[in-house]
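In what follows, a single structure is set out as structure tokens and then discussed.
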Amino acid sequence: MQPYEGGGADSRALSRRDLLKRAGVVGVAAAAPTAAFAPTAAPVRDRERLEALTALEAEALEAIVDRLIPADSNGPGAAEARVARYIDRALAGELASLRASYSEGLAAVDAYARSRFGEPLADLEPAQQDAVVRDLEQNVATGFPGGSRTFFELVREHCLQGMFGDPVHGGNEDFVGWDLLGFPGVKLSFAAAEQQMDVTVVPAHKSTADFPLFKRGRKGGDGEH
Amino acid sequence: MSTSKKGADVVVIGLGAGGGTAVLPLAQAGLDVVALEAGGRFSVRDFHADEIRNDIRNWLGRAKVNDEVPTQRRTAAEESVPAIAPGRMMNGVGGTSIHWTCQSWRLMPWNFKQRSETIRRYGAGALPAGSTLTDWPLAYEELEPYYDKVEFLHGVSGKAGNLRGAIDAAGNVFEGPRAREYPLPPLRRTGFTEFMSDAAKRLGWHPFAGPAAIRSQPYRGLNACEYHGFCTWGGCHVDAKGSTNLTAIPMAEKTRNLKVVEGARAIEITVDRDGRANGVRYMKGRKVHFQAAKAVLVAGYTYENTRLLLLSRSSAFPDGLSNNHGQVGRHYLAHVRAGANGVIPGRRLNRFSGTASQWTAVDDWDSDFFDHSTLGFTGGGTMSATMEAKPIGAARTTPPSIPRWGSAWKAWLKENAISVASAATQINVAPYEDNFLDLDPGVEDPDGFPVVRVTNDLKENERRAALFVQGKCMDWLREAGASEVWPVAPSSLSVQTHAYGGTRMGDDPDANVTDRWCFSHEVPNLGVLGASNFPTSGGRNPTETVMALAWRTADHLVDEWEAITG
């Protein structure tokens, strides 16, 4: 586990690879933090063993979701939430049918990034990465058989799931997505006072998996998530 | 290889809202009932509070429905494509009555006679062009005793607005007369539901606490709601919802006259030489079984009812069972959804809990409760402002004025996500000549059976109605203090949980599959349960009507047993 590199947004001027070298890690799933939240944020952790994606695909995916939900003065982003880990795990399980779409799409993203800026997406500067993602959204990035917007929408939807879904599925690490929205987390009961307007509901910071009621039980029981 | 089971009096295919209700009067009458259910039994431990598992992946539908999602297209000239969204029906003992939202409505009296009332008030020219609109073959008054039975079976929570003609503004002043008060008071009111109620009153409307098949208090040994916020698309972790697996099914099993076969996927309803139904072939695992019966009740979801009839071909019914008049799959309806969102600046609405059945409803713009003379459409829809916002859904709910990603989007969510209010409507839909279901010639389920193909387009009457009521949703949000209001475009999402028709009920055998009792015009001992019987959608949730109709059909089968099966 590595601490954040210090420094502000301008540390993004370094290439991502340089940054990782300085951090002394390989495959860190993160962009640089901003000074605004870095002091209190949990450090970004090493990427676990990938379950579906290749390392190169994971780098491209991490770069996309990092631009979709960047870490900034409003708090942690997709990197800290481990959105890419959510997607990787899903592609090895429930979303296995989309595995090929991701492989093709991520390869196309890198090819487009190279054609426009000379480097794969992960090695570009944030402004360049934003330009690539914007082209995906506008459906003008070339090399996508189904149109780049289709791939953009696929990744965006899964990015929302990884950022704001229950942490049991591998994303929303430390409940950073729920804290961003003000979503209080899983509680099995809400009091009348908590359903009044303008009260602040204390975040429970609990996942569905934290409740014994929903723990996997007997054989043939509740099964996978 | 096929194995035969001892013959039953009645075999019921599907044990959800319809079948799960009908088995109670059948078993209590002493009939020997076998129910074939594609799913298994769930416990509260299965009902995780998990938006991804429930809302997105539809874990409860994995036994069957997730593998047979219909394809869709707008017109018969188009190629079908996979559904945009899977629809979220489920399989299991209790069926979709396990994971429904539980907004528990009676249809309005007008819904049963939309055609004749439209002609009477506005002339025949006001009927939607190209529609096959008919009145229902029964009136609200005939169904009222069954609505009453259903409400008292589950312990529906609400406040009467029309008690035997006496109007009470604390309830829904537009509803049809009911024989008695709801068995339980409304679910807990919240800051947000009252906030929206106040705004509606300032507009001169008649808001009320919408009725919920969720117990607001303990009822007949069953628990009350805990308001945890993962109600829709999940089962209840404290068994507080109006699910047939908690009420009618165990009561029927207690009589020892109901046998439930789990994991049984019906593949064909068979007929004898006279064209009478005589049993059901079903798969359990890879093995095919046959269950003989004197009467058959088909109680799948709308898509599956049509599919099973069309798959059940014989020399007597070469185009599918009960389809010699070519009506199976016709008169398909899908609720049109519309609405709006708005930001109430600086206010914490605290909608991130509870159930969407904790809500404020407004019926001023439904049915014919307002003058349509200059509006160019018939009908309307109920409006709702609900609790139970969930986080992924909340993150999707941003205005078109901001980017859809990046720091500006994120800043907007941080500032406003807790302040987003929504008002939504579901529009009453008429049937049309060219909206229909059939079997897709190119797409099969994993067992090799073709899936249903939905051909359905949003028509002008419903588009106008949706835009009109959507405007009222926007007025409502502005009155509540919203600084920015943005509409949700009317959509006739073709594959969904509010789908109707395909086995329409009506007196004319040339234009309807089932009669006024929901029995087939062509196969006298074949009944159909479910919203596939509805001639119109109504502008509100269907499940209580599905349950009431199913109970009535079962009572009819008991009362006319000799005539129907003789």
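The Cα-based radius of gyration and maximum Cα-Cα distance (Dmax) for the stretch B:166-266 are 17.9, 55 Å. Per-residue Karplus couplings for the stretch B:60-71, computed as 6.51 cos²θ - 1.76 cosθ + 1.60 with θ equal to phi - 60°, are listed in order as 6, x, 6, 5, 8, 4, 5, 9, 9, 4, x, 8 Hz, Gly and Pro entered as x. Taking the Cα centre of chain B as origin and assigning +1 to Lys and Arg Cβ atoms and -1 to Asp and Glu Cβ atoms, the resulting dipole is close to 1620 debye. For the protein assembly as shown, the Kirkwood estimate of the hydrodynamic radius, built from every pair of different alpha carbons, is 27.5 Å. If you model chain B as an ellipsoid using its alpha carbon gyration tensor, with each semi-axis the square root of five times an eigenvalue, the axes come out at 36, 25, 24 Å, biggest first. Ignoring aspartates and glutamates fewer than eight residues from B:Lys201 along the same chain, the ones with Cα atoms less than 16 angstrom from its Cα are B:Asp168, B:Asp363, B:Asp364, B:Asp475, B:Glu479. Taking other residues whose beta carbon is less than 11 angstrom from the beta carbon of A:Ala81, and scoring Lys, Arg as +1 and Asp, Glu as -1, yields -3. Pairs exceeding 29 Å between alpha-carbon atoms, taken from B:Lys259/B:Lys287; B:Lys159/B:Lys241; A:Lys215/B:Lys241; B:Lys414/B:Lys459; B:Lys113/B:Lys472: B:Lys414/B:Lys459.
Among B:Thr132, B:Thr21, B:Thr455, B:Thr118, sorting on how many other beta-carbon atoms sit within 10 Å of each Cβ, with the fewest leading, yields B:Thr132, B:Thr455, B:Thr118, B:Thr21. Once backbone amide H atoms are built at 1.01 Å from N, B:Leu439 has B:Arg453 as its partners under 5 Å, excluding neighbours fewer than 5 places away on the same chain. Using the alpha-carbon positions of the stretch A:79-225, Rg (one decimal) and Dmax (whole number) come out as 19.2, 58 Å. Charges were assigned to the Cβ only: +1 to each Lys and Arg, -1 to each Asp and Glu. The resulting dipole of the protein assembly as shown about its Cα centre is roughly 1260 debye. Under 10 Å from the Cβ of B:Lys259, count the other residues' Cβ atoms, weight Lys and Arg +1, Asp and Glu -1, and hand me the total. After counting each charged neighbour, the total is +1.
Relative to the 2.2 N^0.38 Å rule of thumb, the stretch B:451-510 has a C-alpha radius of gyration ratio of 1.61. Quick one: plug the Kirkwood hydrodynamic radius of the stretch B:448-566 (C-alpha pairs) into Stokes-Einstein at 20 °C, 1.002 mPa s, and report D in µm²/s. Rounded, D is 124 µm²/s. Remark: the stretch B:556-566, residue by residue, has Karplus-estimated 3J(HN,Hα) of 5, 4, 5, 5, 10, 3, 5, 5, 7, 9, x Hz, where x stands for each Gly or Pro and the curve is 6.51 cos²θ - 1.76 cosθ + 1.60 at θ = phi - 60°. Take every Cα pair under 8 Å whose residues are at least 6 apart in sequence, average their separation, divide by the length of chain B, and the relative contact order is 23 percent. Per residue, the protein assembly as shown reaches -8000 deg cm²/dmol at 222 nm when only DSSP H runs of four or more residues are counted, each adding -39500 (n - 2.57). Taken about its Cα centre, the stretch B:418-566 carries a charge dipole of roughly 800 debye when the Cβ of each Lys and Arg holds +1 and the Cβ of each Asp and Glu holds -1. Candidates B:Ser491, A:Gln196, B:Ile418 compared by Cα position along the dipole of the protein assembly as shown: farthest toward the positive end lies A:Gln196, with charges placed on Cβ.
Per residue of peptide B:384-393, the mean number of Cβ atoms on other chains within 10 Å of the residue Cβ is 4.
For B:Thr270, the residues 5 or more places off, or on other chains, whose built amide H falls under 5 Å of its own are B:Asn278, B:Gly279, B:Val280, B:Arg281. Normalised by 2.2 N^0.38 Å, where N is the number of residues, the alpha-carbon radius of gyration of the stretch B:487-549 equals 1.25.
For every other residue with a beta carbon closer than 11 angstrom to the beta carbon of B:Val81, add +1 if it is Lys or Arg and -1 if Asp or Glu, then tell me the sum. Taking every Cβ under 11 Å from that of B:Val81, the sum is 0.
Taking a ≥ b ≥ c as the square roots of the eigenvalues of the alpha-carbon gyration tensor, the stretch B:215-262 is classed oblate because a/c is 1.5 or more while a/b is no larger than b/c. Taking every alpha-carbon pair within the stretch B:110-216, the share separated by more than 25 Å comes to 38 percent. What translational diffusion coefficient, to the nearest whole µm²/s, does the stretch B:28-134 have by Stokes-Einstein, given a Kirkwood radius computed over alpha-carbon pairs, a temperature of 25 °C and 0.890 mPa s viscosity? Once the numbers are plugged in, D ends up at 135 µm²/s. Which one, B:Ser197, B:Ala35, B:Tyr500, projects farthest toward the positive side of the charge dipole computed for the protein assembly as shown from Cβ point charges (K/R +1, D/E -1)? The residue sitting most towards the positive pole is B:Ala35. Comparing Cα centroids, the stretch B:500-566 and the stretch B:282-308 end up 17 angstrom apart.
Close amide-amide hydrogen proximity is noted between B:Arg178 and B:Asn162, B:Leu163, B:Arg164, B:Gly165, each under 5 Å apart and 5 or more residues distant or on a separate chain (H modeled in the peptide plane; Pro and chain starts excluded).
Compute the distance from the alpha-carbon center of the stretch B:95-166 to that of the stretch B:17-58, in whole Å. One Cα centre to the other: 25 Å.
Karplus-derived 3J(HN,Hα) values for the stretch A:98-107, using 6.51 cos²θ - 1.76 cosθ + 1.60 with θ = phi - 60°, are 9, 4, 5, 4, 5, 4, 5, x, 5, 4 Hz; glycine and proline are entered as x.
Rg/Rh, computed from the Cα trace of the stretch B:16-57 with Rh as the Kirkwood radius, has the value 1.16. Calculated over the stretch B:163-220, the projected area of the Cα convex hull averaged across directions stands at 4.6 nm².
Taken together, the values in this text are just the output of simple stated rules run on the coordinates, not laboratory data. Every value quoted in this text rests on a predicted model; they were computed, and no experiment measured them. Because the Cβ atoms are built from the backbone with ideal geometry, glycine has one as well, and the counts that use them run over all protein chains shown.
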